1. Using r as the Cβ-Cβ distance of Lys291 and Thr260, and R0 as 30 Å, what FRET efficiency do you calculate, to the nearest 0.05?
2. Quick one: P(r) of segment 1-156 from all Cα-Cα pairs, 10 Å bins, percents rounded to integers, in order of increasing distance.
3. Taking the beta-carbon count within 10 Å as an exposure proxy, list Asp210, Asp270, Asp21 from fewest neighbours to most.
4. Tally Lys and Arg at +1 and Asp and Glu at -1 over the other residues with C-beta under 10 Å from the C-beta of Gln359: what net charge comes out?
5. Once phi is turned into ³J(HN,Hα) by the Karplus curve 6.51 cos²θ - 1.76 cosθ + 1.60 with θ = phi - 60°, what whole-Hz value does each residue of segment 59-73 show in order, with x for glycine and proline?
6. In Å, what is the Rg of the alpha-carbon atoms in segment 53-116, and how long is Dmax?
7. Across segment 276-391, how large is the tail of the calculated P(r) beyond 25 Å, expressed as a percent of all Cα pairs?
8. Calculate the FRET efficiency for Phe54 and Thr82 from the Cβ-Cβ distance with a Förster distance of 22 Å, rounded to the nearest 0.05.
Amino acid sequence: MPLFLSNQDQEKAITAKDAVDALENGIRQFAKGNAIRRPRVDNFIPTRRADQFFGFSSMEGGIREPGYYALRIKPDIISWPTINGMRRRVTYCSRPGLYGGLVFLFNVDNAELLAIMNDGFIQHYRVAASAAIGAKYLAKHDAKVVGIIGSGGMARSFAEAFKVVRDISKIKVFSPNREHLNHYVRDVSNKVDCEIVPAESAKDVLVGSDIIATCTNAYQPVVEGKWLEEGSHFANVTAYEVGPDLFNRITVVGLFVRRTPMSAGTLIDDDFALRIDGMTYAAGTPEERAKIPPHSAKLQSRGEDRKRFPNAVYVDCVNWETGEAYQRSSANEISTLENNSYGTLPGDAAHSAGIQGIQFASVGGRIYELAKKQGLGQELPMEMFLQDIPT
């Protein structure tokens, strides 16, 4: 019978190491042609309230072994207000404080529905696992200090995941919201076995850190490139958090998989455009559609991918056939994973070129296995999801 797995069930079922291992298996399969993903697409319809849209985001993908296919859907009411002088993304479902995202997990061998999951917990773990695998192959082997900007779910998952791939002794964290920062220090101290230190500023986070991560919902840069120290590894959740000055400092960009870059430049369709992080459709008047933030490359004039890292070379994080990992050529390298598309070349489509579907299939599949083993979740009647009329 299919399982319904709440965020709480998922958190009990899986560890950060489980997530990192599962995703690395999924990436390895993708590199060998045994995984597939459909790009993320966002749809927008104006609501009756000015500046708010109904947004529906979906993405999907599957892996041959152990045989999972995942579809993630995310219905939101979405807006982009300016808060404390910084433009941010604000979402809710039904009413503020509630969210409606779901992941549907299927069996590749017989097409049965295996699980329906809340998407909050797995969303944070699948992104953090990607960042950790990037750090595993690109960061200094003796990295000890992590610096994180942000105090939400992503920032918490990143702390757990980085600890999996490096022997971290200290995590420095900054958030402009002091109450959130204090909660973060308390909560993460109970989960991650290292010193958790609140920082006084974003600059303080970067100084002396071997691995740095920006984990915010900001739509403008939260760090300055001159703060990034030689030899460090950088990770970010979105491209909006980082300005060209920091991208100019990057000298090595890692790729998980060498694939043919996707191009949406010649696609002709009604109300289609590259907006925000990737491929979108939008309803409404031209004035209403103009309220949706522009594509990140246009917003910061980064152009196509090569121009985004003008001083960097692209490298393979690992040879998946031999297992040979990338070796730093200099102690001063400043590295990053091509994180706009989770380790693949994004081209113009940014996040829509990424491997999100494979992330959900890989991590979601492992969550399902572990939840079944531990007796977690709520069983649902299979008859609810099957019919005798062909479609």
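FYI, it's all coordinate maths here, none of it is from the lab. Everything quoted here is computed from the prediction, not taken from an experiment. Cβ placement follows ideal geometry from the backbone for every residue including glycine, while neighbour counts extend to all protein chains displayed.
1. The value I calculate is 0.30.
2. 9, 31, 34, 21, 5, 0
3. Working: Asp210 21, Asp270 6, Asp21 17.
Going from least to most buried by this count: Asp270, Asp21, Asp210.
4. For residues surrounding Gln359, the net value is +3.
5. 7, 7, x, x, 10, 5, 10, x, x, 10, 10, 10, 10, 10, 10
6. That works out to 16.1, 52 Å for Rg and Dmax.
7. Cα-Cα pairs in segment 276-391 separated by more than 25 Å: 54 percent.
8. On the way: r = 21 Å, r/R0 = 0.97.
Once rounded, the FRET efficiency stands at 0.55.
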